[in-house]
Amino acid sequence: PLPVKCTIEERKGKKHAKLHFACQGRGEHCLYKVKFYTMKTRHPRTWIHLMFLALQSRSSSALSTRDAGVSSLKNCWEIIKCEEKTFSTLVTGAFPPAKDQDSIIHELSAHRFFDVFEYNAPFLQWGCFLCNHPERASTFIQEEEPVIEGQLKEKSGGKWKIFKKWKSRYFTLSGAKLVYKESKPDGVGVTQSLDVGSIRSVKVSKGGRNIPKAFEIFTADKTYILKAKDSSNAQEWVQCLSVAVAHSQARDTNLQRLGYGGSLGRLTAGAGRINHPTGMYSNVTLRTAV
């Protein structure tokens, strides 16, 4: 998959390249019809090189830095300055080796890109989950219809500590909420719910505490550590959660464009205007229309 836009952001004196991906399906329930899937990259050299090659492949003649798209890529490269190599040297060099290609695939996987995007071979395009599986759209649109449900174990306290126990609970995910039943000492079950719109990210556990079937849900003020029956079930939960979060964000973006505000009060009056984060170089973008 190739980004349609690249921007450079600066945070605390450090510059980062941010990639923007679009869905080529553009279906009725597209997750990215009015917004991009964005991610920061640690490999701007490889991405910028590939984006240039994509531009060149669609041109009938050799491109120069006078071309708007190439000029934008050149500006990105010169601003980020991650290597002592000129832009011309970069884009006229050999095709990125297999090691570099593996690195960006691993990066996409780490960002859970493939949870929400798939390659549609018959149409030769990358589409979001709901564009490639329109038959599943109703389960994410109907806020009370279960998307996935089942028994999961939760790490009490939401922290990775040896003496914190795993507690079995029954979870149900719909397009709007993640609901689970919490047992009290008196044996009475209390239903708790988490608004999908409040979820910031979902990640499979990794590192020294790696448990293949465990994953984490992050909100602004709490972390949920959950464990499925096996790694396959964990991946299924993570994908469903990722799609549900993307759908919630798409819905909020649509409301923002209409000027009504979004869920949880995250969107405010004056919607429809895009506030660029401090330090963003908004002029260094590339639209490849791939």
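The values are calculated or read from the model by the stated rules, or taken from the named source; none is laboratory data. Predicted model only: the values in this text are computed from it and were never measured. Please note: Cβ atoms are built from the backbone with ideal geometry, for glycine as well, and neighbour counts cover all protein chains shown. Side chains are part of the model used for accessible areas, which takes the heavy atoms of the whole protein and leaves out ligands, DNA and RNA. Shrake-Rupley method; radii C 1.70, N 1.55, O 1.52, S 1.80 Å.
General remarks:
- By accessible area with a 1.4 Å probe, ligands and nucleic acids excluded, highest first: order of 172, 46: 172, 46
- Vicinal HN-Hα couplings computed from phi for the stretch 51-63 (Karplus, 6.51 cos²θ - 1.76 cosθ + 1.60; Hz; Gly/Pro x): 5, 5, 4, 5, 5, 5, 5, 9, 9, 7, 9, 5, 7
- Put simply, when 63-69, 237-243, 126-132 are sorted by average Cβ atoms within 10 angstrom per residue, most first, you get 126-132, 237-243, 63-69.
- Taking every protein chain into account, the accessible area of the stretch 190-256 amounts to 45 square angstrom per residue (probe 1.4 Å).
- Qualifying GluC sites (Glu not before Pro) for the stretch 43-111 [loop in DSSP, other Cβ within 10 Å: at most 10]: 84
- When the charge dipole of the stretch 18-145 is built from unit charges on Cβ atoms (+1 for Lys and Arg, -1 for Asp and Glu) and taken about the Cα centre, the candidate among 69, 43, 108 whose Cα reaches farthest toward its positive end is 69.
- Under the Karplus curve 6.51 cos²θ - 1.76 cosθ + 1.60, θ = phi - 60°, whole-Hz ³J(HN,Hα) for the stretch 222-238, x wherever Gly or Pro sits: 8, 10, 9, 10, 10, 9, 8, 6, 7, 5, 5, 5, 5, 5, 5, 5, 5
- Computed accessible area, residue 92, all protein chains, 1.4 angstrom probe, square angstrom: 110 Å²
- Within the accessible area of the stretch 35-115, the carbon and sulfur atoms contribute 52%, probe 1.4 Å, all protein chains present.
- Computed from phi, the 3J(HN,Hα) profile of the stretch 22-33 under the Karplus parametrisation 6.51, -1.76, 1.60 (θ = phi - 60°) reads 10, 7, 8, x, 6, x, 4, 10, 4, 6, 10, 6 Hz, with x in place of Gly and Pro.
- The protection proxy used here, the mean number of other Cβ atoms lying within 10 Å of each residue, ranks peptides 29-42, 139-152 as follows, highest first: 29-42, 139-152.
- Taking other residues whose beta carbon is less than 15 angstrom from the beta carbon of residue 25, and scoring Lys, Arg as +1 and Asp, Glu as -1, yields +1.
- In a fully extended conformation the segment linking residue 99 and residue 114 would gain 3.4 nm over its present Cα-Cα distance, using 0.36 nm per residue.
- Per residue solvent-accessible surface (Å²) - the stretch 2-112, probe of 1.4 Å: 54 Å²
- Between residue 92 and residue 144, the simple label model (points 7 Å from Cα in the Cβ direction) yields a spacing of 6.6 nm.
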